[in-house]
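The values are calculated or read from the model by the stated rules, or taken from the named source; none is laboratory data. Keep in mind that what you see is a predicted model, and the values were worked out from it rather than measured. A quick note on method: Cβ atoms are made from the backbone with ideal geometry, for glycine too, and the neighbour counts reach across all protein chains shown.
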Amino acid sequence: MVDRVQALVWESPGKGGTQNEIVPKEINPNEDALDARGLFLQDASSADNTVSVQRDPSGNMKFQDGQNPSGYSLTQLAEGSSINDMLVNQYGDVLSNQDGNVLLRG
C-alpha cells in the first residue's frame, strides 16, 4: 500500500504568510501552494528522472517520459491527434476519435 503524504509549510510574512511560524504545520490546500522546479513521478521499483512535469523557460508546462525525453507542452498534447486516440474509458469504449468528434458507445 502506498502512503499518502502531505507537505508542511513554515509561514512567514516574506513568503505570503500572516505571521512567523515557530513549527511547520500541514498545508491548507485551499490556501497554500507548493513551490518546486518540477515533479518526478516514480513507479514501485524506480527512482529516476524519466517521467516529469516541469516548467520550461517560456513558462509553459512540459511533460516528459521515456518515449518523449525532449517533452511536450500541454498545448502540444491537447492539439496532437494522438491524444484523441487515447480517450478510451475503462471498459474499452471510445469517447472520441482522431477528429475530436465525441462518440458515446456503450
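Points to keep in mind about this one:
- Residue within the stretch 48-66 that is of a type in the set (Lys, Arg), within 16 Å of the chain's Cα centre (by Cα), loosely packed, with under 10 Cβ neighbours inside 10 Å and modelled with pLDDT of 85 or more present: no
- Hits in the stretch 42-63 - residues which are part of a loop (DSSP other than H, G, I, E, B), under 27 Å from residue 3 (Cα atoms) and not hydrophobic (A, V, I, L, M, F, W, C): 42, 43, 45, 46, 48, 49, 50
- Count of the stretch 55-65 residues which are more than 14 Å from residue 77 (Cβ to Cβ) and in contact (Cβ under 8 Å) with a residue 12 or more places away in the chain: 1
- Selection status of residue 23, outside any loop (DSSP other than H, G, I, E, B) and among the aliphatic types (A, V, I, L, M): no
- If only residues of the stretch 29-41 that are part of a loop (DSSP other than H, G, I, E, B) and in contact (Cβ under 8 Å) with a residue 12 or more places away in the chain are counted, the one that is surrounded by the most Cβ atoms within 10 Å (Cβ to Cβ) is 32.
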